[in-house]
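Here the structure comes first, spelled out in structure tokens, and everything after it is commentary.
Derivation of every value follows stated rules applied to the coordinates shown; laboratory data play no part. Quantities reported herein were computed from a predicted structural model and do not represent experimental measurements. Cβ atoms come from the backbone with ideal geometry, glycine included; neighbour counts cover every protein chain shown.
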Amino acid sequence: MTERKTRVRFAPSPTGPLHIGGVRTALYNYLYAKQHGGTFVLRIEDTDSHRFVPGAEQYIIEALRWCGINPDEGVDENGKVVETASPKHPYGPYRQSQRRGIYREYAERLVASGNAYYAFDTPEELAAKREEAESQGQTFTYNQVSRMQLRNSLTLSKEECERLLAGTTGWTIRFKMPENTVVEMDDLIRGHISVNTDTLDDKVLWKRADELPTYHLANIVDDHLMEITEVIRGEEWLPSLPLHYLLYRAFGWQDSQPRFAHLSLLLKPSGQGKLSKRDGDKLGFPVFPLEWVSPEGEVTRGYREDGYFPGAFVNMLAFLGWNPGDEREILSLPELVEAFSLERVIKSGARFNPEKAKWYNKEYLRMSPDSELAEAFMPVLKAQGLELDPAYVTKAISVIKDRATFVADFWTAAPYLFQAPSSFNEKDCAKFWKEENYAHLPEVREHIASYSGAMEVGAIAESLEGYIKGNEWPLGKVMNCLRLALTGAASGLGIAEIIYTIGIGETVRRIDYAFKTLGK
Ligand code: GLU
């Protein structure tokens, strides 16, 4: 086989918001494509109209864009081709519903070669078969035995078939599963797998009723026509692999068939069972990249809205089931591209750890420039009705950065850096605003007023402590009094950090206000 240019695809069905497991599949495809200098295709598999959910396709596109894993070919939210492939290779359209004209011919080809057949059973007939099997404690499958007792092109006369094909619309084309054949398969993650076809059923490939293919046919035909070289997808598709191998064989495409890699599932934090779409609400962390508002108006939280950086989210996802084989944990998208390999993807399920997700965000926050964080924090301040100088906000952030995991934490950690207290905690006042303590504050105020604005946190701390101790005043009590005046409560950042941030003038003003409000 000649070396082909790497082309991989992410092929979601727009049946709802993309779960983080799906984003990880997209990410691994992207990393693989970029590492091999190849193409990452986004194909929308929307042939199952019963499961179609409005808005899901836009959600998928927006989620990938937020993560920075942009397709080279595919559709944008308006259904336009993101990048046109070479005119010699018209790979698109990339939405299967727009390709519906393509599939019938391929299904008919399989009938002609004896690999598929027309099935005329009505839903009622199949339901009766199922009931009959159940009454005998068995499950009905459409296979080599049962197919010969049903109405299809293998059991009916040619004339009868032609009459039904022309005159009815309830028929389907089914794959004729070969008898007692061992399918030998290779998976890039799981190694060699073999399955006997006697355990498999005759899947529907194409339906006359809506003139649409099923997932199996559309998926194989499109992977072939789009010249996909590796199929990297979730483990839930592993049971379909023998059929897919057989379809490639039936079409005579086995020499150019893609290689397969099935990714393990994401597990709940307990390690017990698969991480499901509902776990987020139950366990208190998002399982979706972006917030999702269902067509019924139900809101489900997302990583973006919870304040995660896309880089942190992507980094965390990459490490769910893969690692670079060394100590590194923080890798940017280009570094991930460099380090990624399917060989290092684990076979077992990857346990999701919401604490690790937070750890990643904290690390990314720590690495972000203060000025960028300030910019991201402005809307939080705005929501509080505050419009502050970006240079001031940047300075404040440099002081509290280490205490934050999310940008919004800058506010919750120390609102008094951005807004003077207008009230004082009653309990703290009762405890600390006592004459023997606040009696020293006017002198402390004068001392602070003498500081130069250029003093750093360390110098302020040293000078202030030295001054209070030198006067033999009770350090802790005076400090608590001062903190109450500056923050409105007796807990919070170090006094020197507060003075350094808000400045000498504001410090003095707050002490005066405390005296005015709390009295002597
Ligand atoms: N449409 C399938 C899905 O929703 C694609 C599976 C595959 O990648 O083959 O996951």
By its C-alpha gyration tensor, with a ≥ b ≥ c as the square roots of the eigenvalues, how is region 87-182 shaped: rounded for a/c under 1.5, else prolate for a/b larger than b/c, else oblate?
prolate
Rounded to the nearest 10 degrees, what's the angle between the helix 56-67 long axis and the longest principal axis of the chain, both from Cα atoms, 0 to 90?
50
How many nm is it between the label spots at Ala166 and Gln35, if each spot is 7 Å from the Cα in line with the beta carbon?
5.7
Just how large is the dipole of the chain about the Cα centre, in debye to the nearest 20, putting +1 at every Lys and Arg Cβ and -1 at every Asp and Glu Cβ?
240
Neighbour cut-off at most 13 other Cβ (10 Å), DSSP loop, GluC sites (Glu not before Pro), region 168-267
Glu179, Glu211
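Which of the three applies to region 283-355, rounded, prolate or oblate, going by the alpha-carbon gyration tensor with a ≥ b ≥ c and a/c under 1.5 meaning rounded?
prolate
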Hey, could you pull the Cα Rg and Dmax for region 41-200, both in Å?
20.7, 58
Rounded to whole angstrom, the alpha-carbon centroid of region 287-323 lies from that of region 345-362 at a distance of 13
Positive end of the dipole of region 388-520, charges at C-beta (+1 Lys, Arg; -1 Asp, Glu), about the Cα centre: which of Ile400, Asn437, Ile468 has its Cα farthest in that direction?
Asn437
Compute the distance in nm between two label points, each set 7 Å from the Cα along the Cα-to-Cβ direction, one at Lys469 and one at Met367.
4.0
To make sure I understand the rule: partners must be lysines, Cα under 20 Å from the Cα of Lys401, and not fewer than 8 residues away in the same chain. Which ones qualify?
Lys356, Lys358, Lys362, Lys382
Kirkwood Rh, Cα atoms: Rg over Rh of the chain:
1.17
Using alpha-carbon positions, the gyration tensor of region 127-245 gives root eigenvalues a ≥ b ≥ c; with a/c under 1.5 called rounded, otherwise prolate if a/b exceeds b/c, else oblate, the class is oblate
Putting +1 on Lys and Arg Cβ atoms and -1 on Asp and Glu Cβ atoms, find which of His216, Gly349, Phe309 reaches farthest to the positive end of the dipole of the chain.
Gly349
Between the Cα axis of helix 457-470 and the main Cα principal axis of the chain, the angle (0 to 90°, nearest 10) is 40
Relative to the present Cα-Cα distance, how much length would full extension add between Lys268 and Lys427 at 0.36 nm per residue of separation?
53.0 nm
Once fully extended, how much extra length lies between Glu132 and Glu446, figured as 0.36 nm per residue of separation less the alpha-carbon to alpha-carbon distance?
103.6 nm
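Would you compute, from DSSP H runs of 4+ residues alone, the mean residue ellipticity of the chain at 222 nm, taking -39500 (n - 2.57) per run and dividing by the full residue count, rounded to the nearest 500?
So the calculated ellipticity at 222 nm is -12500 deg cm²/dmol.
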Tilt relative to the chain, helix 241-251 - C-alpha long axis, 0 to 90 degrees, to 10
50
